[in-house]
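The values are calculated or read from the model by the stated rules, or taken from the named source; none is laboratory data. As the structure is a prediction and not an experimental result, all values here were calculated from the model. Here Cβ is always computed from backbone atoms with ideal geometry, including for glycine, and neighbour counts include all displayed protein chains. These accessible areas exclude ligands, DNA and RNA; they are computed on the full protein's heavy atoms, side chains included. Shrake-Rupley method; radii C 1.70, N 1.55, O 1.52, S 1.80 Å.
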Amino acid sequence: MIKIEDLHAYYGPIEALKGIELMVEKGKITCLIGSNGAGKSTLMNSISGTIAHRGSIMVNGDTNIVRKNPRQIARMGIIQVPEGRHVFPGLSVEENLQTGTVVWHGYFGKQSYAHELEVVYDLFPRLKERRKQLAWSMSGGEQQMLAIGRALMARPKVLLLDEPSMGLSPLLVGEMFEKIVEINKTGITILLNEQNARLAMKISDNTYVIEQGKIKMSGPSADLRDDPRIAEAYLGKHTSKGKMNQESGESI
Ligand code: ATP
């Protein structure tokens, strides 16, 4: 669905991506893991067209979006949920959700978005309960749900989820990942940047490891989870299969 070749991205003179090659397969969950500053968010921002970049980003084999602007990219159904949520604090939950429809609806569109709203409220009943509440007064977890809900209102084909578990309690992280799987089951392709490599690799089909702006390793998540280099660097201290991880108590 998205095929990236020789992608470079820049912050002024800083080259943050140095020739990325990556595939986001249709209908699958692809995850990015890597240490802080590796370039994961920069990769997402390049796909959504929000930072300076060059190379090739082919969508469905026939459209190179590398020179398209963020609005054109969003209109193609590639929707980003940015790191840090960025909901509109002074708008209610439902008003925030409505802003997501601007992508297909325009600012003063008259079409109904009742169906989209129903889908979001089915997925996140808490948003329905709080639909009149102002976004600033919601908890971090609720704001993250709202940010994802707003992206779903945009009728995404591909969701770029940047650090959806950031700042959430362990209980909410689990709930958030279940929702991500549910969203994927509706046919939406997902590219996930996630610090919690263990969970990300558990729910994803394919994994790419990024270090210093380059792809260091890639493959099916189920295979990479058993790779001792991944286990050592990203999943905890023990490397042999079947041992318990000290931090989480989970079996690797
Ligand atoms: P994190 O998980 O910490 O967000 P990341 O893998 O997403 O890390 P990026 O945020 O993509 O990493 O950063 C990649 C590189 O680009 C880093 O060296 C970072 O310092 C640099 N960088 C990111 N944003 C900017 C910016 N606005 N100006 C200058 N350099 C930046």
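Which of Lys3/Lys28; Lys3/Lys216; Lys110/Lys185; Lys3/Lys179 have a Cα-Cα distance over 19 Å?
Lys110/Lys185; Lys3/Lys179
Below 8 Å between Cα atoms, with a sequence gap of 6+, how large is the relative contact order for the chain in percent?
Computed over the chain, the figure is 24 percent.
Using a 1.4 Å probe over the heavy atoms of the protein chains, calculate the carbon and sulfur portion of the accessible area of the chain as a whole percent.
Carbon plus sulfur share of accessible area: 51 percent.
Classify the chain as rounded, prolate or oblate from the Cα gyration tensor: take a ≥ b ≥ c as the square roots of its eigenvalues, call it rounded if a/c is under 1.5, otherwise prolate when a/b beats b/c and oblate if not.
oblate
Add +1 for every Lys or Arg and -1 for every Asp or Glu among the other residues with Cβ under 12 Å from the Cβ of Val158, and state the total.
With Lys, Arg at +1 and Asp, Glu at -1, the neighbours total +3.
Can you give the accessible area per residue of the stretch 121-206, in Å², using a 1.4 Å probe?
Per residue, the stretch 121-206 has an accessible area of 41 Å².
Before rounding to the nearest 500, sum -39500 (n - 2.57) across all DSSP H runs of length at least 4 in the chain and divide by the residue total; then give [θ] at 222 nm in deg cm²/dmol.
One gets -8500 deg cm²/dmol as the mean residue ellipticity at 222 nm.
Out of Gln72, Gln80, Gln111, any idea which swings most in a Gaussian network model of the chain, alpha carbons joined below 10 Å?
Gln111
Treat each spin label as a single point 7 Å out from the Cα along the C-beta direction, and report the Asp223 to His86 distance in nm.
3.5 nm
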